[in-house]
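Accompanying notes for the structure given below.
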Amino acid sequence: MNETESKLTITTDHKWRQFKYRNEVPPGILLVRFAHLDADEDTDGYFKYRDWWYHLSDFMLVDEHSPLRPFGWHGYATDSFYSGVVIKTHPDGGEYMVGTYIV
(Lines give C-alpha, C1' and ligand atoms only; values in the text may rest on other atoms or scores of the structure.)
Protein backbone atom coordinates (compact mmCIF):
# COMPACT_ATOMS: atom_id res chain seq x y z
CA MET A 1 0.00 0.00 0.00
CA ASN A 2 1.25 3.50 -0.79
CA GLU A 3 0.91 6.68 1.22
CA THR A 4 1.41 9.86 -0.80
CA GLU A 5 1.70 13.53 0.08
CA SER A 6 2.72 15.83 -2.79
CA LYS A 7 5.76 14.12 -4.33
CA LEU A 8 6.49 11.77 -1.41
CA THR A 9 5.58 8.10 -1.85
CA ILE A 10 5.88 5.58 0.98
CA THR A 11 5.51 1.87 0.32
CA THR A 12 4.91 -0.53 3.20
CA ASP A 13 2.93 -3.67 3.99
CA HIS A 14 1.84 -2.22 7.39
CA LYS A 15 2.94 -5.36 9.28
CA TRP A 16 4.50 -5.24 12.74
CA ARG A 17 7.63 -7.37 13.13
CA GLN A 18 9.83 -8.33 16.08
CA PHE A 19 13.27 -6.78 16.39
CA LYS A 20 16.18 -9.23 16.34
CA TYR A 21 18.65 -9.61 19.18
CA ARG A 22 22.36 -9.18 18.57
CA ASN A 23 22.92 -12.94 18.83
CA GLU A 24 20.49 -13.44 15.91
CA VAL A 25 22.56 -11.29 13.55
CA PRO A 26 25.22 -13.17 11.53
CA PRO A 27 28.71 -12.63 13.06
CA GLY A 28 30.13 -11.32 9.77
CA ILE A 29 27.42 -8.66 9.59
CA LEU A 30 28.18 -7.59 13.17
CA LEU A 31 31.87 -7.19 12.30
CA VAL A 32 31.30 -5.25 9.10
CA ARG A 33 28.14 -3.20 9.73
CA PHE A 34 27.88 -2.87 13.50
CA ALA A 35 31.41 -2.92 14.90
CA HIS A 36 30.80 0.59 16.27
CA LEU A 37 27.99 -0.63 18.55
CA ASP A 38 28.81 -1.77 22.06
CA ALA A 39 27.75 -5.42 22.43
CA ASP A 40 26.77 -4.88 26.07
CA GLU A 41 24.55 -1.86 25.40
CA ASP A 42 22.98 -2.69 22.03
CA THR A 43 21.58 -6.18 22.50
CA ASP A 44 18.44 -5.63 20.41
CA GLY A 45 16.97 -3.27 17.80
CA TYR A 46 18.32 -5.13 14.77
CA PHE A 47 16.31 -6.08 11.70
CA LYS A 48 16.77 -7.12 8.11
CA TYR A 49 14.88 -5.34 5.35
CA ARG A 50 15.32 -5.99 1.63
CA ASP A 51 18.47 -8.07 2.23
CA TRP A 52 20.18 -5.35 4.30
CA TRP A 53 20.69 -5.35 8.07
CA TYR A 54 19.74 -2.25 10.07
CA HIS A 55 19.88 -1.15 13.67
CA LEU A 56 17.71 1.53 15.24
CA SER A 57 20.81 3.71 15.57
CA ASP A 58 20.94 3.91 11.74
CA PHE A 59 17.82 6.11 11.73
CA MET A 60 17.37 9.85 12.16
CA LEU A 61 14.32 10.98 14.13
CA VAL A 62 11.49 12.56 12.15
CA ASP A 63 10.97 16.16 13.29
CA GLU A 64 7.71 18.12 13.31
CA HIS A 65 8.45 19.74 9.91
CA SER A 66 9.17 16.52 8.06
CA PRO A 67 6.78 15.37 5.32
CA LEU A 68 6.99 11.91 6.97
CA ARG A 69 5.38 13.21 10.18
CA PRO A 70 1.72 13.22 8.99
CA PHE A 71 1.98 9.49 8.30
CA GLY A 72 3.24 8.70 11.81
CA TRP A 73 6.75 7.54 10.88
CA HIS A 74 9.32 7.88 13.64
CA GLY A 75 12.61 7.64 11.76
CA TYR A 76 14.30 7.47 8.38
CA ALA A 77 17.57 6.32 6.87
CA THR A 78 18.55 7.66 3.46
CA ASP A 79 20.00 5.46 0.73
CA SER A 80 20.11 8.22 -1.91
CA PHE A 81 19.18 11.88 -2.23
CA TYR A 82 15.64 10.89 -3.19
CA SER A 83 14.94 7.65 -1.32
CA GLY A 84 15.40 5.67 1.85
CA VAL A 85 13.84 3.53 4.55
CA VAL A 86 11.27 4.67 7.10
CA ILE A 87 10.46 3.05 10.44
CA LYS A 88 7.72 3.15 13.06
CA THR A 89 8.34 1.65 16.46
CA HIS A 90 5.54 0.08 18.45
CA PRO A 91 4.83 1.66 21.86
CA ASP A 92 5.96 -1.59 23.53
CA GLY A 93 9.41 -1.10 21.94
CA GLY A 94 9.76 -4.67 20.74
CA GLU A 95 8.21 -4.31 17.30
CA TYR A 96 8.68 -2.17 14.22
CA MET A 97 7.00 -1.38 10.92
CA VAL A 98 9.21 -0.54 7.97
CA GLY A 99 8.82 0.82 4.45
CA THR A 100 10.57 2.72 1.70
CA TYR A 101 10.13 6.33 0.66
CA ILE A 102 10.78 8.08 -2.61
CA VAL A 103 10.65 11.84 -3.11
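The values are calculated or read from the model by the stated rules, or taken from the named source; none is laboratory data. Since we're looking at a predicted model, the values are computed, not measured. Every residue, glycine among them, receives a Cβ derived from its backbone with ideal geometry; neighbour counts consider all protein chains shown.
Brief remarks follow.
- Number of positions in the stretch 10-61 that are over 19 Å from Asp92 (Cα atoms) and in a loop (DSSP other than H, G, I, E, B): 12
- Positions within the stretch 62-103 being of a type in the set (Asp, Glu) and either part of a loop (DSSP other than H, G, I, E, B) or more than 17 Å from Phe19 (Cβ to Cβ) (or both), in sequence order: Asp63, Glu64, Asp79, Asp92
- Pairs are defined by a Cβ separation below 6 Å, a sequence spacing of at least 6 or placement on different chains, a first member in the stretch 32-53 that is touching a residue at least 24 places away in the same chain (Cβ under 8 Å), and a second member that is in a strand (DSSP E or B); the pairs so defined are Gly45/His55; Tyr46/Lys20; Tyr46/His55; Phe47/Lys20; Phe47/Tyr54; Tyr49/Val98.
So that you can scan it fast, the table gives a plain yes or no per residue for (1) at pLDDT 95 or above; (2) of a type outside the set (D, E, K, R); (3) surrounded by 17 or more Cβ atoms within 10 Å (Cβ to Cβ); (4) farther than 26 Å from Leu8 by Cβ:
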| site | (1), (2), (3), (4) |
| --- | --- |
| Pro27 | yes, yes, no, yes |
| Met60 | yes, yes, no, no |
| Glu64 | no, no, no, no |
| Phe81 | no, yes, no, no |
| Val86 | yes, yes, yes, no |
| Gly93 | no, yes, no, yes |
| Met97 | yes, yes, yes, no |
| Val103 | no, yes, no, no |
